[in-house]
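The structure appears right after this line, and notes come after that.
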Amino acid sequence: MEKDLNVSYITLGGHVEVNKYRYVYFLIMLMVFILIICFNFTIVGLIWVHRNLHEPMYVFIAALLLNSAVFSTAIYPKLFIDYLSEKQIISYSACLFQFYLLYSLSGSEFLLLAGMAYDRYVSICKPLQYPSIMRKTTVGVFLGIAWLLPACQTAVAVILSADMRLCTFTLDGIFCNNLIYDLHCVTSQALSIFGIFALLYAGLFPMVFILYTYTRILIISFRSCGEVRKKAAQTCLPHLFVLISFSCLCTYDILIVRLGSGLSRTVRLIMTLQAVLYHPLFNPIIYGLKMKEISRHLRRLFFSGKV
């Protein structure tokens with residue numbers, strides 16, 4: 001009976017002093033989660049309601065914020081349960097599902113940022129062709145690829161992992177990320193090859209494309225008049241800030257997996273929390289403060305009471 005229980009359930013061993021600080025953890029994470037949901041959906045709602053925000057740039061912003069909200073929903077509710085439970089455990093199937101949501105949404109974020117970079121590139125470098133290039137159909141294709149491609153890629157990794165035999169039943173984390181591979185008895189060559197392919201296709205290639213488009217924007221802006229430079233700064237800087245923030249999140253995830261064995265549990269916990277705390281809050285704050293039209297609607301909403 002005990003053996004069956006161990007095979008079915010994984011212990012999340014990345015928590016620190018849960019019994020002592022469980023209610024402190026719970027209240028902090030609950031407040032952060034409420035802020036994430038409120039901040040993200042407030043801006044998504046404004047973009048939905050106001051017709052002057054029904055432009056490709058704002059549609060991509062709404063998709064990105066919606067992605068952040070779903071990403072947080074895949075992690076925080078399980079954390080709430082763990083903080084209020086005597087044992088921090090999860091079934092292997094539920095662990096794989098959380099892994100699936102985590103990395104499919106992360107891949108979607110990179111592709112959404114690539115779509116936003118392309119939109120800004122066309123807007124600034126090819127302004128006369130912008131209406132004919134960035135049509136509703138084009139935006140719809142970008143959004144479809146951004147959500148479907150990572151979902152399919154991650155599904156392959158989950159299917160390959162589902163049949164792997166487990167020899168370890170303690171995961172050194174607080175949610176299911178790449179550390180699940182440490183649970184397997186043997187290293188799967190197919191998983192390793194596919195992981196490299198997925199990292200290149202969903203991470204490196206979009207990053208190279210984003211850097212290329214912003215380099216082109218920078219070159220065109222410096223060769224143009226002050227108005228073009230101002231437009232580029234106003235619309236591109238928020239996207240670059242978000243890209244840097246998300247890159248830090250991915251770096252934390254890689255460092256946690258690669259250096260986890262050489263780090264104390266407290267350091268690993270702090271690094272993990274950095275990856276899930278600031279980025280979902282950072283996105284709506286940046287767009288709310290730096291995007292002129294969104295900022296204007298927010299001021300009207302909170303200071304005049306008008307939506």
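The values are calculated or read from the model by the stated rules, or taken from the named source; none is laboratory data. Here the structure is a predicted model, which means the values were calculated and not measured. Ideal geometry is used to build each Cβ from the backbone, glycine not excepted, and the neighbour counts take in all protein chains shown. The protein model used for the area step is the full one, side chains on, heavy atoms only, and it has no ligands, DNA or RNA in it. Shrake-Rupley method; radii C 1.70, N 1.55, O 1.52, S 1.80 Å.
Shown for region 80-146 is the translational diffusion coefficient from the Stokes-Einstein equation, using the Kirkwood radius over Cα pairs, a temperature of 10 °C and a viscosity of 1.306 mPa s: 107 µm²/s.
Pick out, in residue order, every one of the trypsin sites (Lys or Arg not before Pro) in region 120-226 that is DSSP loop and has at most 16 other C-beta atoms within 10 Å; say none if there are none.
135, 165
Here the mean projected area of the convex hull built on the C-alpha positions of the chain is 18.0 nm². Approximating the spin labels as points 7 Å out from Cα along Cα→Cβ, the residue 138-to-residue 189 distance works out to 4.5 nm. Tell me, what is the FRET efficiency for residue 54 and residue 208 to the nearest 0.05, using R0 = 22 angstrom and their Cβ-Cβ distance as r? Plugging the Cβ-Cβ distance into 1/(1 + (r/R0)^6) gives 0.15.
Calculated FRET efficiency, residue 17 to residue 278, Cβ-Cβ distance, R0 = 25 Å: about 0.70 to the nearest 0.05. Ranking 273, 160, 184 by Cα position along the charge dipole of the chain, where only Lys, Arg, Asp and Glu carry charges on their C-beta atoms, puts 273 farthest toward the positive end. Distances between placed amide hydrogens fall under 5 Å for residue 10 paired with 90, 91, 92, all partners being 5 or more residues away or on another chain. The charge dipole of region 163-252, taken about the Cα centre with unit charges on the Cβ atoms of Lys, Arg (+1) and Asp, Glu (-1), comes to about 640 debye, rounded to the nearest 20. Considering only 67, 40, 52, the Gaussian network model of the chain with Cα springs below 10 Å gives its largest mean-square fluctuation to 52. With N counted as the residues of region 42-111, its alpha-carbon radius of gyration over 2.2 N^0.38 Å works out to 1.44. Placing pseudo-labels 7 Å out from each Cα toward the beta carbon at residue 200 and residue 151 gives an inter-label distance of 2.6 nm. So which residue, out of 288, 115, 195, gets the largest mean-square fluctuation from a GNM of the chain using Cα contacts under 10 Å as springs? Of 288, 115, 195, the most mobile in the Gaussian network model is 195. Here the chain exposes an accessible surface that is 68 percent carbon and sulfur, computed with a 1.4 Å probe and the other protein chains kept in place. The angle between the Cα long axis of helix 226-259 and the main principal axis of the chain comes to about 10°, on a 0 to 90 degree scale. Which shape class, rounded, prolate or oblate, goes with region 148-244 when its Cα gyration tensor gives a ≥ b ≥ c as root eigenvalues, a/c under 1.5 marks rounded, and past that a/b bigger than b/c marks prolate? Cα axes put region 148-244 in the prolate bin.
Basic side chains Lys and Arg get +1 at the Cβ, acidic Asp and Glu get -1 at the Cβ, and with that the dipole of the chain about its Cα centre reaches some 1400 debye.
Against the chain, whose longest principal axis is taken from its Cα atoms, helix 92-125 shows a tilt of about 20°.
Using a 1.4 angstrom probe on the protein heavy atoms only, could you order 48, 147 from most to least accessible area? Display every interim value, and only then the final one.
Working: 48 205, 147 90 Å².
From most exposed to least exposed: 48, 147.
Compared with the dominant Cα axis of the chain, that is its longest principal axis, helix 56-73 is turned about 20°.
Once you divide the Cα radius of gyration of region 1-120 by 2.2 N^0.38 Å, the number left is 1.35. Using only side-chain charges placed at the Cβ, +1 for Lys and Arg and -1 for Asp and Glu, the dipole size of region 1-146 relative to its Cα centre rounds to 420 debye. Solvent exposure of the chain amounts to 52 Å² per residue of accessible area, where only protein heavy atoms count and the probe is 1.4 Å.
Filter the trypsin sites (Lys or Arg not before Pro) in region 49-91 down to the DSSP loop ones having no more than 14 other Cβ atoms within 10 Å, then list what survives.
87
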